Amino acid sequence: MDTGGSSGLAKSAAVKLSEMGERTKQFGNAMKAPDHQRRIILVIVCVALLLDNMLYMVIVPIIPDYLADLELEQAEHVHVVIHPNSSINSTMSSAQAKSNRDNLDVQIGVLFASKAILQLLVNPLSGTFIDRVGYDIPLLIGLTVMFFSTCIFAFAENYATLFFARSLQGLGSAFADTSGIAMIADKYTEESERSKALGIALAFISFGSLVAPPFGGILYEFAGKRVPFIVLAVVCLIDGILLLTVIKPFSNRTRDNMPVGTPIYKLMVDPYIAVVAGALTVCNIPLAFLEPTIANWMESTMHSTKWEMGLCWLPAFFPHVLGVYMTVKLASKYPNLQWFYGALGMVIIGASSCTVPACKTFGQLIAPLCGICFGIALVDTALLPTLAFLVDVRHVSVYGSVYALADISYSVAYAMGPIVAGNIVHNYGFVQLNLGMGLVNVLYAPALLLLRNVCQMKPSYSERDNLLVDDDEPEGLYDTMKMEERKGKKKDYSSAGNCLPVVVVDENGGFDPFRAQTRASSEESFGPEYS
């Protein structure tokens, strides 16, 4: 009886193990499917972008109070050592307090800007590195550096250590942000899908930036300085492990047949890319300049409470997501109007920025802040996919350097914000700051007219066509283009969706939209199949 029962249990266990093995195999095969791979990559990148922006903004409610406590402890210690049995004169105490406050403001501004400054310096190098080794290894490097910088921030107990951790985060962001966005652009080769995927990534960026201050403030108030950073470090570690187990960056050989990307200095002198990069910088200036200055203005003009100052940006998350959604939908129907969506966004940003100083209550202030974030969503969602398309049609479809250039554009605004904005407010006033930012956005908007013919450009072809073998699966844009050509699905491939390829490739693989090349010269350069 016992033997028969044991045999039955063994057979049942064997059947269950076999079923589990089959399910695991099916799950593994499903995970290898291109659609599933792309979705997992999108999740990993979005979490990385969320973490980076939460780390950037989570210190807003924490650091000023924490540094003030450090300054107070140091002052009390010095006073006890020098004057153990006496008190400081009230006049001297007031002057010293003012001097300490000014010094603290400078320290906070430098600490806030250090991340963007280092990111600005490293991005040209990280873009070139990404172009050469691919997107997954730099993303892993970025997540690793962000993990260590967050841990250092959690346990730092002096200004020098905080400054080092903040700067180290800029190094990690230069790799994680650029490689993540570039990976999305490479995996989503069809223009409407690419716009949607980048829009989702932008929504995570917005969520991280706007939710981080209340997240950090609440945890700091009830659990201490270390807890917010430990939570973010754990999430960063989980994202890195997911990247290692799913994408397996060190066993990936997708770069073996990729062409060499266009150097970043050549992308910088491309007039179309330069216009887009300038728009990304200008549209983010109001957000970057208001973040370090609006709290003091709210306190002095409308006597806002701390919770109002901490939550003033949170409602803006919803119009930002709405702007992303609207732009993605409009771009799928009218892809030739991407430049218009960006220009409209800059006008909305300019008008909203000019109305901020006129607000007298917290409720009134919410409207222009929502307008600024809505406009930024229009500009970013319209122009980030345009950068990838410009690289496709004018250069080589390797996206590390072009999105490093986009990251540089953001970093310029956020590096200047904490340092320049305070000086402008001090010397000229908060009203003049907002009027200037609004005017710059409105005046820059017509520059996007240069992009109105971009959608009519025809994709270029590179040496990768000769490296792709018949049995290879398409890995990115170049593979897809070559395989489509070989299968004869499209005679004239255009990654612009509904746009017509009317501009002809020149000898350098670039395009001049104002001067079409003749069919004869095109045939001479590429052969009759591309004419």
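The values are calculated or read from the model by the stated rules, or taken from the named source; none is laboratory data. Because the structure is a prediction, the values reported are computed rather than measured. Every residue, glycine as well, gets a Cβ built from its backbone with ideal geometry; the counts of neighbours run over all protein chains shown. Surface areas here come from the heavy atoms of the whole protein model, side chains and all, with no ligands, DNA or RNA. Shrake-Rupley method; radii C 1.70, N 1.55, O 1.52, S 1.80 Å.
Observations on the structure shown:
- Value of Rg to Rh for the stretch 312-375 (Rh from inverse mean 1/r over Cα pairs, i.e. Kirkwood): 1.05
- Highest mean packing comes first when the peptides 187-196, 341-350 are listed by Cβ atoms within 10 Å, giving 341-350, 187-196.
- Gain upon complete extension [residue 322, residue 68; 0.36 nm per residue less C-alpha separation]: 87.6 nm
- To put it simply, the accessible area of the stretch 214-367 at a 1.4 Å probe is 71 percent carbon and sulfur.
- With R₀ fixed at 51 Å, the C-beta to C-beta distance from residue 43 to residue 443 puts the FRET efficiency at about 0.85.
- For residue 332 and residue 358, the difference between the fully extended length at 0.36 nm per residue and the C-alpha to C-alpha distance is 5.6 nm.
- Kirkwood hydrodynamic radius of the stretch 142-181, from inverse mean 1/r over distinct Cα pairs, in Å: 10.0
- Equivalent ellipsoid semi-axes, the stretch 122-281, via Cα gyration tensor eigenvalues times 5, rooted, Å: 30, 19, 17
- Ordering of 111-123, 209-221 by burial proxy (mean other Cβ atoms within 10 Å per residue, highest first): 111-123, 209-221
- Pairs of alpha carbons in the stretch 205-336 whose separation is greater than 17 Å (percent): 78
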